[in-house]
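The structure appears below as C-alpha cells.
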Protein chains: 2
Amino acid sequence: MDEARWLDEREQRAWRALMVMQDGLSEFLDRRLRTRCGLSGADYEVLAHLAEAPEGRLRPFELGRLLRWEKSRLSQHLGRMEKRELVTREPCATDQRGAVVALTDRGRVLIEAAAPQHVGDVREVLMDHLSPDELDTLATIGDTVRARLAALGQGSGPAASEG
Amino acid sequence: MDEARWLDEREQRAWRALMVMQDGLSEFLDRRLRTRCGLSGADYEVLAHLAEAPEGRLRPFELGRLLRWEKSRLSQHLGRMEKRELVTREPCATDQRGAVVALTDRGRVLIEAAAPQHVGDVREVLMDHLSPDELDTLATIGDTVRARLAALGQGSGPAASEG
DNA sequence: TCCGGTTGGTTCACACGTCAACCAATCGCT
DNA sequence: AGCGATTGGTTGACGTGTGAACCAACCGGA
C-alpha cells in the first residue's frame, strides 16, 4: 500500500501556507472578538444569524442548518448563551416538541457592536491585502473543495441543504 | 463609528468560500484520521514531528515551538497521549527542569500507517483538483496573511521563530 | 386507530484548548 | 556567592465540540 505519492514542493508550500493561515486566522479573529466584544467566534455566528432573522427569532433546527452545526453542539451552546442572557428559549407555538430561540436586547446590542469590528478585523488581516484576482482564485478554490467534500461526504458530518 | 465599510460582493464570496473550506477541510481530515487511524488531528501533528526528529525524541518546548502550541496545551495533550502509550516522558539528562518526549513503538507504527493515508486524503480533497497557478496563489495568500498576523500579533498568541 | 419511523431537542461522558497560577531549575548580573 | 528574572513544565477551572443514548411529539401508512 505505498501507492500514495507524497506532496511535491509546490504542493507542500501551498499546504503549509494554508494550514498556517487557517490556524492563525481563526485564532486572531477569535481573540479579537473575545477581548474587544466579549464574544467567542461561536457566539458571533449564532448572534449574526439571529440578527438577520425576522424578529431575531429562529427555530434551533433552522439555526443548526445555517451554521452547519451538530444539534448537540447547538443545544449546549444555546444553554451557555442563555445563561449569559444573549438569547432566550421559548416553547414553540406550532410544534410542541420544539423551541424558538430569540435574541435578547443585550444580544442585539452586542452583535451590532461586534459586526463592524469583526469586518474591520477581516479587512485588516486579509481583504485589504489581496488583489481581485486573488480573491476570485480563493473563492474558486473554496468552491472546488466544497464540491469535493460534498461528493465524498455523502452523509458524513452535518449536512446542509443550501438555502 | 460607522467608518468600517462592509465587504463587497467579491470579497463576501471569497470570505464565505474560505470559511466553508476551512471548516469543511479540518472536519473532513480529522474525521478520516480518527475513524481510519484512531488519531485526532492533534495526535497526528505531534507524532509527525516526533517521527521526523532524531531517535523520535524531542524536548517539549521544541515540540511546542514547531507546532506553535501553547505550553499548557502541549502538556495536557502529551498527558493524554502518554496514557494511550503513543509517547513516553522521561526526565531530561542535561536540564533538571525539563523532560524529553519520545515516540513509542506503538506511536511509530501508527504514524507511519497514518501518514500516507493522510496525504492521500489531502490529495483527494484538495491537491489533485488545483492547478499549479492556484497552488501558487494559495501559498502567496497564506504568506500574506502570515505576514499581516505577525505584524499585528507582535506577541499575542504563541510566537514561533521560524526554524 | 394504532404503531413504527422520523424529527426536534436535551443530556451525559469525554476529548480538547485557554488562561492564570504555580513550582523548580537555570541564567544573568553584581 | 547571592538574588531577581527568565525558562520549562504542570495543574485546575472553565468554555467548547462530539457521539451516543434518550425522550417526546409528529407523521404516515395499514
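The values are calculated or read from the model by the stated rules, or taken from the named source; none is laboratory data. From a predicted model like this one, the values you see are computed outputs, not experimental measurements. A quick note on method: Cβ atoms are made from the backbone with ideal geometry, for glycine too, and the neighbour counts reach across all protein chains shown. Accessible surface is based on the protein model in full, side chains and every heavy atom, while ligands, DNA and RNA are left aside. Shrake-Rupley method; radii C 1.70, N 1.55, O 1.52, S 1.80 Å.
Values for this structure:
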quantity	calculated
Condition check for A:Thr140: farther than 20 Å from A:Ser26 by Cα, of a type in the set (S, T, N, Q), outside any helix (DSSP H, G or I) and away from DNA strand D (no atom under 16 Å from the Cβ)	no
Residue list for region A:87-105, restricted to those being away from DNA strand D (no atom under 12 Å from the Cβ), open to solvent by less than 20 Å² (accessible area, probe 1.4 Å) and either in a loop (DSSP other than H, G, I, E, B) or among the small types (Gly, Ala, Ser) (or both)	A:Ala102
Helices (runs of 4 or more DSSP H) contained in region B:1-81 and holding at least 3 residues loosely packed, with under 15 Cβ neighbours inside 10 Å and within 14 Å of DNA strand D (Cβ to nearest atom)	B:9-37
